[in-house]
Structure formats: C-alpha cells, structure tokens
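This report refers to the structure that appears directly beneath it.
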Amino acid sequence: MPAENDLPNVFRLVVVPGVTPDKWARVWSERLPDVSLELVPATAADAAALLREQADAGLLRLPVDPDACHAIPLYTETTVVVVHREHLLAAADEVTVAELADETVLWPLDDVLGWPGTPAAPAPVADYRPETTAEAVELVAASVGVLLVPQSLARAHHRRDLTYRVVTDAPTASIGLAWDRDRHTDLVEEMIGIVRGRTANSTRGRGPAPADKPAPGKPPAAKAPVKAAGRATPGRDGGRRGAAAPRTPAKKRRGR
C-alpha cells in the first residue's frame with residue numbers, strides 16, 4: 001500500500017436505500033483516520049452511473065453490469081410484504097406467495113425485486129404504478145394494496161400504522177460491494193478487506209497468498225510419504241528402500 005501521504009484524502013462510497021454501512025464506516029475510520037469516507041446516497045436506478053462517474057466503490061443491489069464493474073456479493077435480503085396493521089395478513093407470523101393471491105400488489109417504479117411485473121407475479125398488480133417506494137407505502141397505509149420489498153426497505157419506511165411479514169418462498173434481492181473495473185485501487189482493496197471482515201493485521205492481497213519458499217541454499221523440507229495399505233514404494237531394484245529384506249520364499253516340495 002502507498003505511504004499515507006500518497007493516498008487520496010477522501011473515499012466516496014455509493015449507498016443505495018436500505019443499506020446500513022455504519023459498522024463498515026466505523027472500521028474504516030479506525031484503520032484509515034486520514035482518509036475521509038464520504039457516503040453518496042443514490043437510488044437503485046442511479047447507483048451504477050454515480051459509481052462510474054463520482055465514486056470509488058458502492059454498496060449496490062445486484063446484479064451489476066459485469067462489463068463495467070467488479071462486484072463481491074455480501075448478503076441476501078429477506079423479502080417481506082408490507083400491510084396495514086389491521087390487514088388479515090398481519091395476524092400471521094409469516095406468509096407464502098399463495099396467500100397473496102387475493103391481494104392487489106403495488107409496484108413502484110423504483111422496485112428492486114423485478115418480480116411483481118412478471119408472469120410469475122404472486123397477485124394482480126395495481127394499474128397505477130407509484131413513482132417511489134415511499135409513495136407506495138403511503139398507499140398501503142390507505143389500504144389501497146400491499147407492497148413487496150426487501151426487509152431493509154420495509155424498515156427504512158417504517159410507520160406505526162403499518163407492519164410487514166416475511167414471504168417465505170418469494171424471490172430475494174442481494175447487496176454487494178461494486179467498483180469500476182478500471183479503478184481497483186489500494187483504497188478499494190482496503191474496503192474489500194473491511195466488508196469481508198479481514199482484521200487490520202491480516203495479509204491484504206488481490207489473489208491467493210503464494211506458498212512459502214525455502215531460504216536460498218536450503219532444500220525444501222521433505223514431505224512424509226503417504227502409505228497405502230498393503231503396498232510399498234518401489235526402489236530402483238523393485239524393492240522398498242530402507243525396508244527389511246524380503247523373506248526368502250519356502251522351497252517348493254519335490255514332486256512324488
């Protein structure tokens with residue numbers, strides 16, 4: 001890694017709604033106190049463009065364009081259905097897709113699941129598409145329909161008159177750390193180490209650590225041979241080196 005005075009003084013990290021980077025930001029400030037971590041909020045639709053133009057890395061919803069970005073999957077979110085507290089589904093601990101068949105699903109334009117608008121949609125989709133998830137939440141509160149989102153978004157838009165339940169067999173959304181393919185810098189590598197849970201003293205590298213090499217003039221230590229049951233390692237003369245001489249076979253009896 002370059003000397004501290006060679007590093008940029010800021011690292012910009014795009015963050016999409018629902019992602020909470022507090023733990024990683026705290027570790028960053030402890031390890032790199034001279035490099036400010038600047039969080040750049042972005043919608044899921046705008047995140048990739050901001051990453052390429054204005055940031056060093058991003059916590060984005062997957063997948064990303066593999067031709068433009070590298071990405072490391074971090075975790076997969078649970079999908080939930082957001083309902084009014086007085087809705088029948090609120091009485092259940094969790095629900096299945098089949099139990100949504102009689103509901104009207106709100107499908108906002110900033111949807112990140114990509115599921116309600118497919119032929120496999122769990123229920124009829126409302127004709128009107130809200131501009132944002134926040135607007136869809138307002139409609140749920142007015143009992144217009146229900147909303148399917150990753151659990152983090154349900155928490156981000158929490159209201160006292162709403163609740164949510166896990167949909168056990170619904171498609172899910174994943175979060176990953178992404179960066180431009182042409183900008184894999186040392187600071188990006190530091191962020192990779194932090195989100196992967198590497199310790200400050202762990203070896204940092206972009207590939208597997210090479211095997212230890214013997215010191216010059218010193219032959220590598222020999223590995224203990226693996227013995228196979230009932231077999232011996234042959235020497236030059238067909239016998240086993242270092243082994244006791246084979247017993248002379250008993251003479252055959254003369255014929256009668």
Order 128, 164, most accessible first, counting only protein heavy atoms with a 1.4 angstrom probe. 128, 164
Counting only heavy atoms of protein chains, what accessible area per residue, in Å², does the range 1-155 have with a probe of 1.4 Å? 52
Tell me, what % of the accessible area of the range 16-148 is carbon and sulfur with a 1.4 angstrom probe? 51
Find, among the trypsin sites (Lys or Arg not before Pro) in the range 112-174, those assigned to loop by DSSP (not H, G, I, E, B) with at most 15 other beta-carbon atoms within 10 angstrom. 159, 160
Interchain or long-range residues, amide H under 5 Å from residue 69's placed H: 181
Proximal charge balance of residue 88 [Cβ under 15 Å; K/R count +1, D/E count -1]: -4
Burial ranking of peptide ranges 51-64, 87-100, 9-22 (average Cβ count within 10 Å, highest at the top): 51-64, 9-22, 87-100
Given 0.36 nm per residue, what is the gain on full extension from residue 86 to residue 101 after removing their alpha carbon distance, in nm? 3.6 nm
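The values are calculated or read from the model by the stated rules, or taken from the named source; none is laboratory data. Note that this is a predicted model, so its numbers are computed, not measured. Neighbour counts run over all protein chains shown; Cβ positions are idealised from the backbone, glycine included. The accessibility values were calculated without ligands, DNA or RNA, using every heavy atom of the protein model including side chains. Shrake-Rupley method; radii C 1.70, N 1.55, O 1.52, S 1.80 Å.
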